Structures are given as structure tokens and as C-alpha cells.
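Report on the structure given below.
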Amino acid sequence: MATPAILRAQAKELVIGCAGSHTAWMEQIVVPHMKDAIGADILFEGTKSSVNLEKMSSNKDNPYLSVVQMDDPVMIQAVEEDLLTPITSGPVPNMTDLRSDAVHMDGMWCNYVQPWAGVAYNTDFKSGGVASWEELWAPESKGQLIIPSLQNTEGMWTLFMSAMLGSGKPFSEAQYEIDAAFDKLGALKPNLLSVYTTMSQAFNLLEQGEITMLSGNFSSYALPRKASGVPVDLAAPSEGIFAMPSGICLVKGGPNPELAEAYVNEMLGPDMQSAIANFATSVPANTTVKAGAVIPEGVPIYAPDWAFVAANRRDWIERFDKLMAI
């Protein structure tokens, strides 16, 4: 007699894969909203996008994740491995209010929010901010810098800025100058305290003043920490900043597909879009929402060729790990 009750309880549970850096707003905003809006208990696993991809791939024949929130270049790999099912406007009507550039590959995934990325810094030690990415290479920055691994999507920003600075070409061309990027990265090594794969640990060192700069950080993490009173800020250096793509997708064959679609619809709807954008200081994807980040003016905003990234990322990670080993 107890078994049907257990099954009914399980039917209202969704396991969501997402970024570890999203933990605060997932706990404070998404979980209670979904309980009220669709009656679902949300269990989320916060980790890197590449780890979410590995989970989907290794459990392809028996998925336990229903929805995954991860970055665009990893979404491309998930599509190539046939791990996703398309989002459609019938069960997810809120997708019709998204910017056209927020819906990818005929709905295989959608961007639900978009932080911007620059250089996070400790205001106690760099009261004037970070005016140029070249400050990462300055002699006075020796031992005062942490950058992300290329295993993390935000690690791409340091790579691409190195390509721009190393090649002297505009971003549209420089993003393909990978040898120039790695040459420039090699010159950065004396200034590194470490390379991170877990961003929260590196950010703690920034808050504590153990380092002065954290490269490639994004508004959805740095600016809420600033608002909480810690001595950090996010710089938009003159050479430009980056658009950080945050995507949401349905796992092919995942449990509770109708509930998963309801979850995605809520995430793309005005209530969640506004709440997340404001909490995470990000740009909403829903065109009916006026909230979130104030994009820095007067600096270029770059978005790379993600197909190029997806095709080469594994090789870049191996090359980066050998070059930047400390």
C-alpha cells in the first residue's frame, strides 16, 4: 500500500544540473518558486558545465537529470551526442518572448540569463579598479592573480583576451589566433598564484586579500558579493568584456518530462527572469522584462564562435594544463 504513495512523491521531484556558482539564487529564488508554481521539489547538483555533460553522457541510457543549466559551448557537445530533446513553444510558451539570439539550434537549448564577464578585483588593494587587461601581466601583479582553467567556460575569456593582446588583431579575427593566445598566456605565468577549477574557493582568496585580481569573473557572482558588503568589484577593462552564455535544456529521456517542461517554462517566464536577473546582476533573455544588469557603457562586448570552441576545447585544455602547471 505504501508503494503508490512513494511513487507519487517521486513524481513531483526534479533533479536539475546547474553551475555551482548558481547555488545562492537556486536555493533562495528558484526552489521556493517552483514549489509554489508547479508543485515540484527541486534537487539541484551544482558543478561545472563539463561535469554536467559527463553525467548526461554516462547516464544516457537511464537519465536521472531532467533539466540541465550549462554554458553554450557544452550545449553544442550535448547536441552532438544526442543528449537533449528540443524545447518547443507548446509546453513552453514563454520561449516565444525570448530574444531571437537566445534560442539555439531550433530550440535545443535557450539562454535564460546572460551575465557579463570582466576582471574581479579586491577594492582594498586596487581602489582604482582595473582599467586594462594588460594589468594582469604587470610586474606588480606577481603572485597576485588567479585565472580559471579552460575546463571552466569563464576560462575562455582570459584565453581570448590573450589572443587579442598577443596578436594585435580585433576580436573577430583574434579569437582564431590560438598560438598567439598561448604565447601570451605563457608570459602571464609568473603572476599567477594558482589556476582554479572551483571558482568559489578562488573568490574567497580574493575577498580575503590573498590575491588582488580574479580574471574572467562574471557579474552574476562578483556583483552580488559586492552588494553583500565584501571588498570586491567587477571591472570592465577598456579592451572589452564578454557575454557569458547561460543555457537551459531538457535532457533526452529524462524523468518527469512534463514537469521538466513546466520548470523550463517558469525559468523563461517574467517572474523568474526578473528575480534571477536582479539577484545575479544579469541581462534577462525575456524581452518583456526590464531588470537586472546595467551593462557597462563605452567598452566592446564580445561573444565568441562557440562552434570553434566546442571543436577545439579538449585540445586547448590539454595544452593549457601543460603550459600553466604551477
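The values are calculated or read from the model by the stated rules, or taken from the named source; none is laboratory data. In this text the structure is predicted, and so the values were computed from the model without any measurement. Please note: Cβ atoms are built from the backbone with ideal geometry, for glycine as well, and neighbour counts cover all protein chains shown. Surface accessibility is based on the protein's heavy atoms, side chains included, excluding ligands, DNA and RNA. Shrake-Rupley method; radii C 1.70, N 1.55, O 1.52, S 1.80 Å.
Surface composition of the range 18-133: carbon plus sulfur atoms contribute 47% of the solvent-accessible area (1.4 Å probe, protein chains only, all chains present). One Cα centroid belongs to the range 223-280, the other to the range 68-128; the line between them spans 8 Å. Taken one residue at a time, the phi angles of the range 282-289 give Karplus couplings (6.51, -1.76, 1.60, θ = phi - 60°) of 10, 8, x, 8, 7, 6, 8, 9 Hz. Gly and Pro are set to x. Ordered from largest to smallest accessible area (heavy atoms of protein chains, 1.4 Å probe), the residues Asp106, Asp97, Asp179 come out as Asp106, Asp179, Asp97. Estimated from helical segments only, the mean residue ellipticity of the chain at 222 nm is -11500 deg cm²/dmol, where each DSSP H run of four or more residues counts as -39500 (n - 2.57). Once the 1.4 Å probe is applied to the protein heavy atoms, the range 28-127 comes out at 42 Å² accessible per residue.
A cut-off of 5 Å between modelled amide H atoms, ignoring neighbours fewer than 5 places along the same chain, links Tyr302 with Ile241, Phe242, Ala243.
Listed by chain and number, the lysines whose C-alpha is less than 21 Å from the C-alpha of Lys126, apart from same-chain residues fewer than 8 away, are Lys142, Lys189, Lys226.
Panel note: the C-alpha atoms of the range 235-326, placed on their principal axes, show extents of 45, 41, 25 Å (largest first). Of the chymotrypsin sites (Phe, Trp or Tyr not before Pro) found in the range 118-203, the ones in coil according to DSSP and having at most 13 other Cβ atoms within 10 Å of their Cβ are Phe125.
Working ranking of peptides 73-86, 223-236 by packing, defined as the average number of other Cβ atoms within 10 Å per residue, highest first, is 73-86, 223-236.
As a length-normalised measure over Cα pairs under 8 Å and 6 or more apart, the relative contact order of the range 61-192 settles at 17 percent. Residues whose amide H comes within less than 5 Å of that of Asp41, counting only those at least five positions distant or on another chain, are Glu13, Leu14 (H built at 1.01 Å from N in the peptide plane). Principal axis extents of the C-alpha atoms in the chain (largest first, rounded to whole Å): 70, 40, 37.
Solvent-accessible surface of the range 192-257, taken per residue with a 1.4 Å probe and all protein chains present: 32 Å². Within the listed set Ala311, Ala277, Ala260, the Gaussian network model of the chain (springs between alpha-carbon atoms below 10 Å) gives the highest mean-square fluctuation for Ala311.
Taking Val119, Val251, Val15 in turn, the Gaussian network model of the chain (Cα-Cα springs below 10 Å) assigns the largest fluctuation to Val15.
The antiparallel fraction among DSSP beta bridges confined to the chain stands at about 60%. For Thr198, nonlocal amide neighbours, meaning residues 5 or more places apart or on other chains whose placed amide H falls under 5 Å from its own, do not occur.
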